[in-house]
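Novice: Below you will find the structure I want to go over with you.
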Amino acid sequence: MSDDAARSATARRESVVVTGAASGLGEALARDVVRSGGCVGLLDRRADPLHALAEELGDAAVARVADVADGPALTEAMIDLHRELGGLTAVVNNAGVGNLKRLVEHTDAEFDLLVRVNLHGVFNGIRAAVPLLRAGGGGAIVNVASASGVRPTWGEGPYSAAKAAVIALTMTAALEEGPDIRVNCISPGFVRTPLNEFLADRDDTRWSLERMTPLARIGEPEDVVGVIRFLCSPAAAYVTGQNLVVDGGSLLVNAQTHDVLRGLLGE
């Protein structure tokens, strides 16, 4: 971002559009933006929880129902939010879906859905955001990828592939859209959200996840929100094209080696 654009972004009230805002990480991010005095544009395909959140957040929030996989609908919704909020300082492409199944057992429809939402949805968000951010002098885009896109996970083949592509897409956008627009992504590890609470709530899986994480706990949405807020802020004015892994250190751990070394140290 140029010096003039950075000063302009600093002077403007924080105004962030969040996709997938009706629950989980998106909801936590929206609440944090409003709590800190900013305003937020809420985007999700689920109307009831989206409007309930907007009503709770009050005048600082505006909601639009749109499916990120529908490019024209998402663009129209984002233009509406840009107008309603009086401009944008950042867009966070957070919406995503998952599926836990062996790669060869996925149907064409399941594979297409995972790619359409997790990858094409981010592409649609970037494409819609760039002209709106540039109209206000610049800003930031943060895409939510996944640690599974850095090191693929059993049962998440199409999801991992789509998230790995989001990282590559982020780097390309950063190259093309500077200096006025910064584009970064984050790759959360296992974070307790409605998408995976069925694993977090089981004693056996929770224990395994904690055991294989150097920080020895499951992540919470708030752990990720702070990183997104940093990437959206002037504090990250010289950061673009990066993928920040937010996983408590779990990618550092090879489970087998971890167990062997821990056993030796214990002796």
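Every number in this text was worked out from the coordinates using simple rules, so none of it is lab data. Fair warning: this is a prediction, and the values are worked out from it, not measured in the lab. When we count neighbours, we look across all protein chains shown, and the Cβ atoms used for this are built from the backbone with ideal geometry, even at glycine.
Novice: For the range 37-95, go through all pairs of different Cα atoms, get the mean of 1/r, take its inverse, and jot down that Kirkwood value in Å.
Specialist: 11.6
Novice: Let me know the charge dipole size of the range 3-266 about its Cα centre in debye, to the nearest 20, where only the beta-carbon of Lys, Arg (+1) and Asp, Glu (-1) is charged.
Specialist: 520
Novice: Over the C-alpha atoms of the range 3-266, what are the Rg and the largest Cα-to-Cα span, Dmax, in Å?
Specialist: When restricted to Cα atoms, the range 3-266 yields Rg and Dmax of 18.5, 61 Å.
Novice: What 222 nm value per residue comes from the helices of the chain, counting each DSSP H run with n ≥ 4 as -39,500 (n - 2.57) and dividing by all residues, nearest 500 deg cm²/dmol?
Specialist: For the chain, the value works out to -15000 deg cm²/dmol.
Novice: Of T172, T153, T107, which has the largest mean-square fluctuation in a 10 Å C-alpha GNM of the chain?
Specialist: Maximum among the listed residues: T107.
Novice: With a sphere of radius 11 Å drawn around the Cβ of L132, what net charge do the other residues whose Cβ falls strictly inside it have (Lys, Arg +1; Asp, Glu -1)?
Specialist: +2
Novice: Also, I was wondering about something else. If neighbour count is taken as other Cβ atoms inside 10 Å, put C39, C232 in order from fewest to most. Don't skip to the answer; put the middle values down first.
Specialist: Numbers: C39 21, C232 25.
Taking fewest neighbouring Cβ atoms as first place, the list is C39, C232.
Novice: Given the options E27, E14, E105, which has the most mean-square fluctuation in a GNM of the chain, springs set between C-alpha atoms less than 10 angstrom apart?
Specialist: Highest fluctuation of the listed residues: E105.
Novice: Right, here's the next one. How big is the gap, in Å, between the Cα center of the range 39-86 and the Cα center of the range 144-193?
Specialist: Taking the Cα centre of the range 144-193 as reference, the centre of the range 39-86 is 23 Å away.
Novice: Pairing the Cα long axis of helix 221-232 with the longest principal axis of the chain, what angle in degrees results, from 0 to 90 and rounded to the nearest 10?
Specialist: 40
Novice: A further question follows. Only Cα pairs under 8 Å and at least 6 apart count here; give the relative contact order of the chain as a rounded whole percent.
Specialist: 19
Novice: While we're here: Select from A173, A77, A236 the residue whose mean-square fluctuation is largest in a Gaussian network model of the chain (Cα-Cα springs shorter than 10 Å).
Specialist: A236
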